[in-house]
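Worksheet: the structure to be examined is printed underneath.
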Amino acid sequence: MNLTFRQLRVFEAVARHLSYTRAAKELFLSQPAVSMQVKQLEENLGLPLFEQLGKKIYLTEAGREFYLYSRTIAEQLQEAEEVLAELKGAGRGHLRISVASTANYFATRLLARFSRRFPGVSFSLTVTNRETLLRQLEENECDLVIMGKPPEGADLETTGFMENPLVVIAAPDHPLVGEGQVPMERLQQEVFVVREPGSGTRIAMERFFHDQGVTLNTGMEMSSNEAIKQAVEAGLGLGIVSIHTLELELETGRLVTLDAEGFPILRHWYVVHRSGKRLLPAARAFRDFVLTEAPGLFPQGGGRGSAAAS
Ligand code: PGA
């Protein structure tokens, strides 16, 4: 079969209207041009598609069959055009992305991959803690945010996309390394190096120990995951951080995770924007990209999470 998209489009219009004149009008063609396309198509197929009785035209049996296929093809072509138009839109623009400091361990990798797919999109990336992210959302200072579960009742659209397990870390020579299910009471005897009060990790950790009726000995407070990891490695105490911050340290054996009662604390990552905010095509594309690509970054350390969890 040697037919063209143009013939298919013309045939579909003539068959739908059962009129050469109306099809020609719809397609902005002359009537002889339309008749010519149909005639060539019939020659290509080796079968008549229309028959003329008096002034009216009718579909032949072959025409009716072919019409079913041509409609599906025309619909799919239309859909393809729409998707490509969207992609053209997504291929340009500037995105303001803000991520929790803990999410930055994977967010930059996602941005790099997204940039390769959409080289025309530029970014500004803010890396900050949960408290500041919530303020930025409220003041419309960013398009999209990647963070832990936002508070209930905030005017935000949120979608959970990946687990975020919080673990207890220790230096490799710490006496609790290798112990199974270290009990809460034992953890209470240790000094913990913790994140600053505006941090989502800190809030989740406090909520967890509060629910267990346990008070931790929080010796030192640090405003970044890197500082906590270095302090723990230097033997200043134990730490609680997201597993997503630990890839290198676990690989090189500079830090170890403890098998502690109740751990990991299971949190989830969310992609968030203000309700009612009209996302530009580039922002929508990035949001979809995060939802589909992020879980693949950590096949063992937290796949797709359920949006119901914290
Ligand atoms: P943070 O991020 O501890 O770096 O603030 C985690 C979160 O938002 O839950």
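General observations
- In loop segments of region 18-85 as defined by DSSP, the trypsin sites (Lys or Arg not before Pro) with at most 16 further C-beta atoms inside 10 Å of their C-beta are K55.
- Per-residue accessible area (protein heavy atoms, 1.4 Å probe) orders M222, M36, M162 as M36, M222, M162, starting from the largest.
- The GNM of the chain, with springs linking C-alpha atoms under 10 angstrom apart, assigns the highest mean-square fluctuation among V272, V127, V214 to V214.
- Karplus 3J(HN,Hα) series, Hz, for region 14-21 with 6.51 cos²θ - 1.76 cosθ + 1.60 (x for Gly, Pro): 5, 5, 5, 8, 6, 7, 5, 5
- Label-reachable residues, region 164-185, where backbone N falls under 18 Å from a point 7 Å from V214's Cα toward its Cβ: 165-171, 174-185
- Eigenvalues of the alpha-carbon gyration tensor of region 68-222, scaled by 5 and square-rooted, set the equivalent ellipsoid semi-axes at 44, 19, 16 angstrom, largest first.
- In the calculated pair-distance distribution of region 5-86, the portion above 16 angstrom amounts to 50 percent of the Cα-Cα pairs.
- Computed over the chain with a Gaussian network model linking Cα atoms closer than 10 Å, the most mobile of P295, P175, P264 is P175.
- Computed helical MRE - 222 nm, the chain, DSSP H runs ≥ 4 contributing -39500 (n - 2.57), nearest 500: -14000 deg cm²/dmol
- Mean separation of Cα contacts under 8 Å (6+ apart) over length of region 165-265, as relative contact order %: 52
- Coarse-grained scattering of region 165-265 at q = 0.16, 0.17, 0.18 Å⁻¹, given as base-10 log I(q)/I(0) from a Debye sum over alpha-carbon atoms: -0.59, -0.68, -0.77
- Fraction in percent of alpha-carbon pairs per bin - 10 Å, region 125-193: 14, 35, 18, 25, 9
- Convex hull volume per residue for the chain, taking Cα atoms only, in Å³: 196
- Taking the C-alpha atoms only, the angle from helix 104-117 to the longest principal axis of the chain is near 20 degrees.
- Reciprocal of mean inverse Cα separation for region 76-136 (Kirkwood radius, Å): 13.3
- Share of pairwise Cα-Cα distances greater than 16 Å in region 101-157 is 48 percent (whole percent).
The values are calculated or read from the model by the stated rules, or taken from the named source; none is laboratory data. Everything quoted here is computed from the prediction, not taken from an experiment. Neighbour counts are summed over all protein chains in view; Cβ atoms, including those assigned to glycine, are modelled from backbone coordinates with ideal geometry. Heavy atoms of the whole protein, side chains included, go into the accessibility calculation; ligands, DNA and RNA do not. Shrake-Rupley method; radii C 1.70, N 1.55, O 1.52, S 1.80 Å.
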